[in-house]
Amino acid sequence: MSSPGTCPLCRSTQSRLHLRDGDWCLVRCQECAHVYLANPPSESSLLAEVYNEHYWSSATPALRGYADYFGDDGLHLETMRRRVDMLGIQAGERVLDVGCASGLFLAAARERGAEVEGVEPSTSAALRARMRLGGARIHQGVLATRPDDGTRFDWITFVDSLEHLHDPLAALVQARGLLKPAGRLAILTQDVSSWTARGLGARWHHYKQPEHLHHFSPRTLRRALDVCGYEVEHLTRTASGKYVTKSFVTERMQHIQPWLAPVLRPLCAFAPERVWADLRDSFWCIAAPQQGAA
C-alpha cells in the first residue's frame, strides 16, 4: 500500500490499516480514529466512472450504487417523508439538500410547505431532480461551485452524502456560511462504530469502495463539526433506516452471508412488498452554528 496521505479530518499522517478490499485500503487515523479510503480517485474520475448513469441502475448494487434508484421512487419518497417528519421541517422554511440525488428529500420537504434547493454532482440525477421539482433551483455540481445569491437557509442537509465527499470539512464550513443564525445542519451517515459494522467486519454493506470515502462514527463526526464551527445538539437513530423491497433484502443478505439467500427467498414470498429496514448502523447528527464562529 502506498502512503495514505493525511487524515481528512485532523491532518495527521499517522494511520494503520483498517480493512483491505482488493486493491483498496481503508485506514484508521491514529490521532482521531477516523476511517477513510486511502488514495481515493480524483473527483472527476469518480464522477465519470462511479456516479454515471450506471450508478443509479447497477448490475452489482451490493458493491456499487443502486439496483434501480429511479424505479424505486415511491419507496424512497416514503423514506424521505419519514425523515422530514423526524427533523420537523416546517412550512416556509428554506431547505438546501447537498447531494440531493433525484430530489426526493426535497420533494418531501416541499410537501410540508418548505422552499427547497438542491446540489447534485450527477448529471442524470440532477436532471431528474429538476424535472421533479419544477421551479426549484438544482445546481448540477458540488457545493463549492454553487453560485451564492445571498440566500440563507433554515436547514442544510447531507442525507447519505457527506461520506462521498473528498473534503467533508470544506463542505461543512461552506454550509455554515449559508445557514441562517438560527439554522440547523442535519447529517445522516453510516456508523462505522456500530455493532452491525463491527460484527460484519469486511462484509458490512457500507464498505463500498471507492463510493464511500469516509466512515464516520458519532465521535469523529462530533470532532469534525466542532472544528468547523458547529455545536452538536443531538444524535439519533430515528428514521435512519429506509423502506426497501423484498428483493433488496434477499440481495443484501446474499452479500452479507451467501447461504442465507436460498433460505430467505421462500420466506420472502409471505413478506409485505415494502419493508422498513434498520440495522441500527446509521445515525442522524443535528447541529447549529457556534455563536461567534468565524
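Tabulated results
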quantity	calculated
Computed over the range 1-118, the ratio Rg/Rh where both radii use C-alpha atoms and Rh is Kirkwood	1.08
Euclidean distance between Cα centres, the range 191-217 to the range 69-127, Å	25
Exposure proxy order (Cβ contacts within 10 Å, fewest to most) of Thr196, Thr157, Thr6, Thr145	Thr145, Thr6, Thr196, Thr157
Inter-site label distance for Ala182 and Ser44 at 7 Å from Cα along Cβ, in nm	4.5
Extension gain from Glu78 to Asp167, taking 0.36 nm per residue of separation minus the Cα-Cα distance	29.0 nm
Bridge type composition, the chain - antiparallel percent by DSSP, nearest 5	60
Footprinting exposure proxy for Ser12, Ser193, Ser102 (fewest neighbouring C-beta atoms within 10 Å first)	Ser12, Ser193, Ser102
Neighbour-count order for Glu120, Glu211, fewest beta carbons within 10 angstrom listed first	Glu211, Glu120
Estimated 222 nm signal from helices in the chain, with DSSP H stretches of n ≥ 4 weighted -39500 (n - 2.57), rounded to 500	-9000 deg cm²/dmol
Dipole magnitude of the chain, debye to nearest 20 (Cβ charges: Lys/Arg +1, Asp/Glu -1, about Cα centre)	540
Spin-label zone in the range 80-103 - amide nitrogen under 16 Å from a point set 7 Å from the Cα of Leu127 along the C-beta vector	101-103
Amide H partners (placed H, <5 Å) of Ala114, local residues excluded	Gly92
For the chain, projected area of the alpha-carbon convex hull averaged over all directions, nm²	15.1
Interchain or long-range residues, amide H under 5 Å from Val159's placed H	Val98, Leu188
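Computed from the coordinates by the stated procedures, all read-outs in this text should not be read as laboratory data. Since the model is a prediction, treat every value here as computed from it, not as a measurement. Here Cβ is always computed from backbone atoms with ideal geometry, including for glycine, and neighbour counts include all displayed protein chains.
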